[in-house]
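Participant: Here it is, the structure, as structure tokens.
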Amino acid sequence: MSRFRLLIEYEGSRYHGWQQNAGVKTIQGEMLKACEQLFNTKKIELYGASRTDAGVHALGQVAHLDVPTQMHAETLAGRINELLPNDIHILKAEKCDAGFHARYSALARSYVYVISRRRSAFGKRSVWWVKEELSINKMKETAALFKGFHDFSSFGAATGEEKSTLVDISHLEISESGDLILIHILGSHFLWMMVRRITGVLVHAGKGKLSMKEIRGFMDHHSERPSQLAAPPSGLYLQRVYYPGESIDFHPKIPILI
């Protein structure tokens, strides 16, 4: 059995998230199906670094694949890509030590949320079009509240292996690129729906519909309000997963057609 580290990109609109789930189409399910067809066996293990939700995309998902083969990594990636749908693509594959685990070896993860300030013929599945005028300065002021080590119980639920709602957000930057607003967030890990709920709160602050006092209250005491304001999945991208020895990319490039 050989272990490979995979770097994967996907457009998540057609999928019910990363995690394999009976009866629905998922990224992990499609990849396992392709591997089982290629290697003619079900003795395959595939683990992703992040369980992205339905409709969420990835620019740099990392997974490890255990499969009974001595195939060269580059050949393996090419052969699997031939069997995958065109909205899932392995960017890179390399053999790795059996001790590497895509999820548990990761030190941090970064996401980018993309907001459009105009209607686009191309971007419906890849951005969130916000019609109202947004104050970038107000959004930046609000973003500062989320940085650091906080209890994010108002912004997400601890599921699976994540037993705590305490999360360390080391970087949260809001920038502009033409008609786009990019929210780049880097953290130790993320709770279910956390980035989308933070984004929704930032947008409502930008609209002038939430005060700083109210948002501080979400941090101090559990509130259901952020869940009611959650941004749609269309604009969310898993940008990168970080492992020991890797430097942080604070200026991600997002390939959006808009």
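The values are calculated or read from the model by the stated rules, or taken from the named source; none is laboratory data. As the structure is a prediction and not an experimental result, all values here were calculated from the model. Note: ideal-geometry Cβ built from the backbone for every residue, glycine included; neighbour counts use all protein chains shown.
Participant: Would you pick out the residues in segment 124-151 that are under 29 Å from residue 168 (Cα atoms) and in a loop (DSSP other than H, G, I, E, B)?
Facilitator: Hits for segment 124-151 are 126, 127, 130, 134, 135, 147.
Participant: So residue 210 passes all but one of these: (1) surrounded by 15 or more Cβ atoms within 10 Å (Cβ to Cβ); (2) farther than 16 Å from residue 155 by Cα; (3) in contact with a His (Cβ under 8 Å, 6 or more places away or on another chain). Which condition number does it fail?
Facilitator: Here residue 210 clears every test but (2).
Participant: Quick one: which of 98, 73, 93, 77 is closer than 18 Å to residue 44 by Cβ, loosely packed, with under 13 Cβ neighbours inside 10 Å and in contact (Cβ under 8 Å) with a residue 60 or more places away in the chain?
Facilitator: Numbers: 73 fails: loosely packed, with under 13 Cβ neighbours inside 10 Å; 93 fails: loosely packed, with under 13 Cβ neighbours inside 10 Å; 77 fails: loosely packed, with under 13 Cβ neighbours inside 10 Å.
Answer to the selection: 98.
Participant: Going through segment 31-84 one residue at a time, which ones are part of a helix (DSSP H, G or I) and under 23 Å from the mean Cα position of the chain (by Cα)? Can you show your working first?
Facilitator: Taking segment 31-84 first, the residues part of a helix (DSSP H, G or I) are 31-39, 73-83.
Matches in segment 31-84: 31, 32, 33, 34, 77, 80, 81.
Participant: Taking segment 105-123 only, how many residues are in contact (Cβ under 8 Å) with a residue 24 or more places away in the chain and either among the β-branched types (Val, Ile, Thr) or assigned to a loop (DSSP other than H, G, I, E, B) (or both)? Please lay out each step first, then the result.
Facilitator: Start the filter on segment 105-123 by keeping residues that are in contact (Cβ under 8 Å) with a residue 24 or more places away in the chain, which leaves 105-118, 120, 122-123.
Narrowing further to those that are either among the β-branched types (Val, Ile, Thr) or assigned to a loop (DSSP other than H, G, I, E, B) (or both): 105-107, 112, 114-115, 117-118, 120, 122-123.
The number of residues fulfilling the criteria is 11.
Participant: Identify, from the list 240, 197, the residue that is in a strand (DSSP E or B), of a type outside the set (Val, Ile, Thr) and under 25 Å from residue 17 (Cβ atoms). Before you say what the answer is, go through the steps one by one.
Facilitator: Values: 197 fails: in a strand (DSSP E or B).
Exactly one of 240, 197 is in a strand (DSSP E or B), of a type outside the set (Val, Ile, Thr) and under 25 Å from residue 17 (Cβ atoms), namely 240.
Participant: Out of everything in segment 226-258 that is modelled with pLDDT of 95 or more and of a type in the set (A, V, I, L, M, F, W, C), what residue ends up being nearest to residue 64 (Cα to Cα)?
Facilitator: 241
Participant: Given the residues 231, 205, which is the only one that is in contact with a strand residue (DSSP E or B) (Cβ under 7 Å, 6 or more places away or on another chain) and either in a loop (DSSP other than H, G, I, E, B) or not acidic (Asp, Glu) (or both)? Don't jump to the end; show me each part of the working.
Facilitator: Numbers: 205 fails: in contact with a strand residue (DSSP E or B) (Cβ under 7 Å, 6 or more places away or on another chain).
Residue meeting the stated conditions: 231.
Participant: Restricting attention to segment 154-182, and to residues there that are touching a strand residue (DSSP E or B) at 6+ places or on another chain (Cβ under 9 Å), part of a loop (DSSP other than H, G, I, E, B) and surrounded by 14 or more Cβ atoms within 10 Å (Cβ to Cβ), which single residue is modelled with the highest pLDDT?
Facilitator: My answer is 155.
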